[in-house]
Amino acid sequence: MDIEDSIKDLLEKILKYLKVDYSKITIDEEENNLYKVSIESNDTSILIGHHGENLQALQHILKILTFRKSDPSEQFHIYLDIDGYREKQEESAINMANRKISMLRRTRTPQSLPPMPAYLRRKVHLHLMGPGYDDIETLSKDEGENRHIVIKLKGR
């Protein structure tokens, strides 16, 4: 059984055990052995939880169980999304970063984003390395739940 089949099989078993109805599970393999797993469900609030805590826990459990069923030499990552929740979070974080950049360019004062999970910080950092942001640099500050991005002009 390949990784995609293992992920789907395990996820179906977990959802059945939790008595959560779903209409569709989609798995796309991206570069660097990243498996993007998407669940469409009417029970999104249960699956996502408060600020995505259940979603994060479900992703972690799915990853551990999949690792146990797979070849130990295989390295991979699982990114779980439920009804586009994470996609909307990413868009919101990037939009907020763009608003902060507008203010930064106007005021020349470093701008801080609110604390966010590691995967969202990474998305923002990567986005701000793209075209149109040659004058910008980002860094993460603080630890744990307070870890956040600071955006500043290069050389300042």
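Couple of notes before you dig in:
- Across the stretch 48-89, the qualifying residues are those that are polar (S, T, N, Q) and more than 14 Å from the chain's Cα centre (by Cα), and the one among them that is nearest to GLU31 (Cα to Cα) is GLN75.
- Scan of the stretch 127-147 for residues that are free of Cβ contacts under 8 Å to residues at least 24 places away in the same chain, surrounded by 14 or more Cβ atoms within 10 Å (Cβ to Cβ) and either of a type outside the set (Val, Ile, Thr) or not in a strand (DSSP E or B) (or both), ordered by number: GLU137, SER140
- The criterion of at least 2 residues that are without any contact (Cβ under 8 Å) to a residue 12 or more places away in the chain and surrounded by fewer than 13 Cβ atoms within 10 Å (Cβ to Cβ) is met by the following helices (runs of 4 or more DSSP H) wholly inside the stretch 1-79: 3-18, 53-69.
- For the stretch 93-115, the candidate set comprises residues that are closer than 18 Å to SER140 by Cα and touching a residue at least 40 places away in the same chain (Cβ under 8 Å); within that set, the residue that is surrounded by the most Cβ atoms within 10 Å (Cβ to Cβ) is ALA97.
None of the figures in this text is laboratory data; all of them are computed from the coordinates on show. Nothing here was measured: the structure is a model prediction, and the numbers come from that model. In this analysis, Cβ positions are derived from the backbone assuming ideal geometry, glycine residues included, and neighbour counts consider all displayed protein chains.
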